Structures are given as C-alpha cells and as structure tokens.
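See structure below.
Each value in this text was obtained by applying a stated rule to the coordinates, not by laboratory testing. Please read these numbers as outputs of a predicted model, since none were measured by experiment. Ideal geometry is used to build each Cβ from the backbone, glycine not excepted, and the neighbour counts take in all protein chains shown.
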Amino acid sequence: MTRQGRLAAWAVGLAALVALPFVYRDPYHLHILVLILIWSFAYTSWSMMGRFGLVSLGHGGFMGIGAYVTALLWNHLGWSPWIGIPISMVAAGALALIVGYPCFRFRITGHYFVLVTLALSGIVLQVITATRDYTGGSLGYTPNRASGNKLLALQFDDKTTWYLIALGVWLFGIVVWHWVDRSMSRYALEAISEDEDAAAAAGVDVTAEKLKITLLSALMTALAGAIYCQYQMFITPDTVSGIAVSLQMVFAAIVGGLFVSLGPTFGAVITILLAETLRIGFGTKAVGWDNLVYGVLLVLFIIFLPKGILGSVLDRLKPQRKGPRAHEQEAVQIARPGA
Amino acid sequence: MQAFLDIFDIYLLEAVINGILLGGVLALLALGLNLIFGVIDVTWICYAELVMIGMYAMYFIVQYYGLSYFIAAPFTILLVAILGAALHYLVIAPLLTAPPINQLLATGGVLFVLQSFATVAFGIDFRNLGIRLPVLAFGDMNFSYARLLSFLAALVGMVAVYLFMTRTFTGTAIRAISQDRQIMALMGVDTKRMYLITSALGGALAGLAACLLVLQYDVHPFVGLSFGPITFLICVLGGLGNFIGGFIAAFVFAEIISLGGLFSDLEWGYVLAFAFFIVMMFIRPAGLLARRR
C-alpha cells in the first residue's frame, strides 16, 4: 500500500469511527467500545516499552496511581480532574524515573527487570490497600458525583461523549506510537534490545534512551487509569492496579501483536469481546472461563506465534518487505565502504 | 528469663520469633523456585499457583475422602511434582531456545490457567482444612503450632534437598548442569531428563509448601497472589539460583514483614519489604551474597 493509500485508509476508518455513535446508539455496545478504546490505549502504552524488550510488570502500578490520585484529589480536595489527571501523571512519571533510573544505570535487565517492576506494582497495590481510610481499600472507591459543572468534573452521563473522549485518547496513543516509531530513539532502543553493550559502544546513551521511553509509557498508562476511573466511576485495587492488571496488559499486547501499531488494540478487541461473549453466553457460570481461555491462548501464542495475530497476518500480507531492507543495506555500503 | 523478657518488648520478641517461623516457610518456597532457576534458567511466575493447586489437593483429600493429613501429604507432593514435570514438558521445553522473557510470559499464561481453573472447578469460596492446631503459650507470647510445624518441616525439606544435591549422582549432575549447560550434554548427561527431574523436584517442594501452608491459611483461587510475589523477590534478593542467599533473604524478608506488621498494618510490612527489595536491587543487583566481579 502506498503512503497516500494508507493515510486515506486511516482517514476513512477514523471518520467511520467518529460517525459511529451518531448513527448507532445502543448503550451496551457503545459501553463495550469505550472499554475497548480505553484498554487499547493502556495496552498501547505498555507495548511502547514492551516492543523493545523492556517487559514491565509494573504498569498496573502506574495505572493505579493514575486512577487513584485523580479520584482522591477530586474527593478530598475538590480538585477538578483537569488538574488531577496531570498531577497523577506526574506522580506516575516520577515513580517511573525513581525506579527506572537505577535499573537502567546499573544494567538491571531481563528477568531482574521484570521482577523489580513486579515489586513496584506490588507496592502500589499494597499501599492502596493499606491506606484504606482514604482509598476504601479492597472494597473500591467511587469519585463523588459532581453537583455543578459536568465538564469541569469530567463526568458525563451519555455514552456518546465518552466514546468520543476515549476515541481521542486512543488516537493520541496511536499517534505517539507512530511518532516513536519514526524517531531516532526507536533505532537506538532496537539496538539496545539486541545488544546493550554494543549499542553503548556505538554511542547510544543507553540509560537516557530507556528512561525516555519508560517515562512516556508510564505517563500514558497513568492517563489511561485516570480516564478509566472517570468513565467507570468506580475503581478497586484489583481492577486498576496490581500484578493481575500488569499481566493482562502483557497478554493482550502479545496476542494482538507487539510490534505493530494496532496490535495492542487488536488484542484489546479480542480479549474484551471474548470476556463479554463468555459472560453473556454463560452468565455467572462463566466466572473464570475467560481467564482460562486467555491463559491457554497466551501460552500457545508465545510458543507458536510470538508476533501476535495482527503481526503475523501483516507479515504474511507483505512478503515484499525485503525490498527496503536491501535498499538500506546499499545505503550502509555507500556510507561505510568495505563494511 | 523474666528479666531478659522485661528488657525487650514482649511483642517485639514475639514478632521476631514469628518472623523466623514465617521465614522457614518462605525459604522452602524460595528453594523450589531457586532450584528451577539455577538449573533450567527459567522463572516460573506460576510457582505460587502450583502451591495453590497443592493446597486444594490437600483440602479435597482430607475433607472429601476423609483421609488423614499425613496420608494426604505424600499424595499432594507427588501430584504437584507431576504437575511441575508436566509444566516443563508442555510449556518450558518448547521454549528453551526462545528469549528468556518469552519463557517467563508463558508461565504467566499458566498462572492465568491455573487460577481460573481453580475458580471454575472449585469456586471462589475460602476453604480450610478444618484442622485447628493448638496455640503454644510461652511466657506471655503466643506462637501458632502450625507455624512451628511448618518451620521444622521446611528445615527437614531443605536438608533433604541439600543431601540429594550433594550425595547422589543425579544431584551432582543437576548441579553440574547449572554450572555449564552446554558441556554437560557432551559429558554424557541426558540434559532433558535432568531438566524433567529438576522440574519434578521443584514441584515436589511446592507440594510440600502447600501441605504446610494449608495448615495456616484458607485456600482460594487467588491465594497464590498473596505469597507468590514475595517468593520471587526473595529469590532475586538472594541471587537467582543461589540457595544459601535465598535462604538468608527469606528470613530477612520475613522479619521485615513481621516487624513492619507489628508497628502498623500487615500491608505496610509488605510495602516495606517491597521497598527494601527495590533498594537492595540497586545496591547489590546480583543478590545479597554475590561476589563482586
């Protein structure tokens, strides 16, 4: 597909998505779409790091901070989410830097990085549970209903508004993904994920590059948490924070495809539709079945299809991908004769 | 004795001793995981879920079939050992050459499977064995008999593993593999078989831990999440694959949780332990006992 063709496809798709709630108004289906969009955004945020081999199980923590800080500021101090969301994002970003800097500085990679981030999401979960006087602990927390201006409180009753907000946020995530994909950082990070020492020797500032992408990813995940909280108006430590949420992000991103921009979105569509179908089809009998299917799929995918559904399909669709590679090789030859 | 007890806060002492008892069980949990990591170089994220399945097995054998606790325990250990071997055969073996992250994530998938299998099969009710062991009173301090028993059983289990690893041919081969994966195959050791044995052994340790934990805690499908993360952190803190480091780290963690719980809520004990872990990762990234390279 040519560049113009692709842009046109995006534009048509987007126009259809924007027009959808004005044509089709079934509240339940819109609700599912909003959830898909919000979670897609969260999964995309995770995959920004995940695609470079920085597998974090701490994103449940960032999401929890986004949701809880926004809600707590609103309920206790009466600060509008318009202020609360940036504050919560800054909080999550600060945490990401505090944990990320030493991690990257001291070369904590692979298993060790996964386990440090696991501890991080454990901490956030336990702090939320421990401060139950303020956060309601594991019983969950509800932001107060706004008495005055709905816009100021970022609380809307109709699904259409939320659909458009979620669509905007999701689109923002995709745009950021593409922005990173085109930047120099992407090449630096890919080099780092292949061989950290070689990348450092080639002049890549390993710590700084990793920190940048971690910060970006954490900020976006916190935003996803805050939006989720504003939409659902009810959060519990288990739905927005902790290890289960982190694993859920990893799972959806991998099933959809970690290395393509719409992969995490595709993962969200599959996982949420699967959960909803099972819930409607089997009712309360289906408790647990969705996760059972997820788990089996996750294992099968990692063994047989590590690029995910969308990634593998796209690979099949364009075998002529070799073309640009050869071209790049030539460019290298010209730049470095004899290499 | 009384004078000694007067100097120390009695609750403090009680917390310290309870911490040591808790440390025994944590050390046992960490031992199985360390074994797997040291030999196969894989992290079983679903390790605590194997323990959970073992706890359910104990519950059903004792409550449903009415067998005694001590007959049920060997069955449970055997069952979880088979599960461990199956996990290796079905999930880890096809991924041995894949990036380590993929192995870790695949066992994350198994975590989902086991958890939701338990939810589907057993429901989300909390169940307990119905065995109430007496509480030991010592001075003004109270210790649960179950904890003491677990501590002792954990020690026995660890000594048994130590003897197995040092005194038998298989154990020696396992230790050799953990030192050099490639060469051992050339020395005529069947690596695949050793991996299976190690996985079964790791599973058996999880089963033993299950037998002990079921005495103290109610079992439900998500019980693994309450001690799973702590177990990983202990292994990492001790240095993945380092048995003695894991042993020491287990007691350090148990004391932090126990003492933190004394001064505030139990959750803050966990927060402290997690924070301690993160700080330690920066000071000694390769574990408590790592030699400086």
Subject >> Acute angle (nearest 10 degrees) that the helix A:263-282 long axis makes with the longest principal axis of chain A, alpha-carbon atoms >> reply: 40 degrees
Original post:
In the protein assembly as shown, how many lysine pairs have Cα atoms under 27 Å apart, counting only pairs 8 or more places apart or on different chains?
Top reply: 5
**OP:** Name the residue, out of B:LEU105, B:LEU215, B:LEU201, whose mean-square fluctuation peaks in a Gaussian network model built on chain B with Cα pairs under 10 Å.
**Re:** B:LEU105
Subject >> Peptide B:226-234 - average C-beta neighbours from other chains (10 Å radius) >> reply: 3
Original post:
How would you order A:114-122, B:56-64, A:147-155 from highest to lowest mean count of nearby Cβ atoms within 10 Å?
Top reply: A:114-122, B:56-64, A:147-155
Original post:
Of the chymotrypsin sites (Phe, Trp or Tyr not before Pro) in region A:1-40, which ones lie in a loop per DSSP and count no more than 13 other C-beta atoms within 10 Å?
Top reply: A:TYR24
Subject >> Choice from B:MET184, B:MET55, B:MET194 with maximal GNM fluctuation in chain B (Cα, 10 Å cutoff) >> reply: B:MET184
Subject >> Rg [Å, one decimal], Dmax [Å, integer] - region A:49-106, C-alpha atoms >> reply: 13.5, 41
Original post:
Can you give the average number of partner chain beta-carbon atoms within 10 Å of each beta-carbon in peptide B:45-53, as a whole number?
Top reply: 1
Original post:
Of B:ALA176, B:ALA204, B:ALA81, which has the largest mean-square fluctuation in a 10 Å C-alpha GNM of chain B?
Top reply: B:ALA176
Original post:
For B:PHE151, B:PHE112, A:PHE106, what ranking results if the residue with the fewest other Cβ atoms within 10 Å of its Cβ goes first?
Top reply: A:PHE106, B:PHE151, B:PHE112
Original post:
region A:39-120: which trypsin sites (Lys or Arg not before Pro) are DSSP loop and have at most 16 other beta-carbon atoms within 10 angstrom?
Top reply: A:ARG107
Original post:
So what's Rg/Rh here for region B:170-212, counting alpha carbon atoms and using the Kirkwood radius for Rh?
Top reply: 1.11
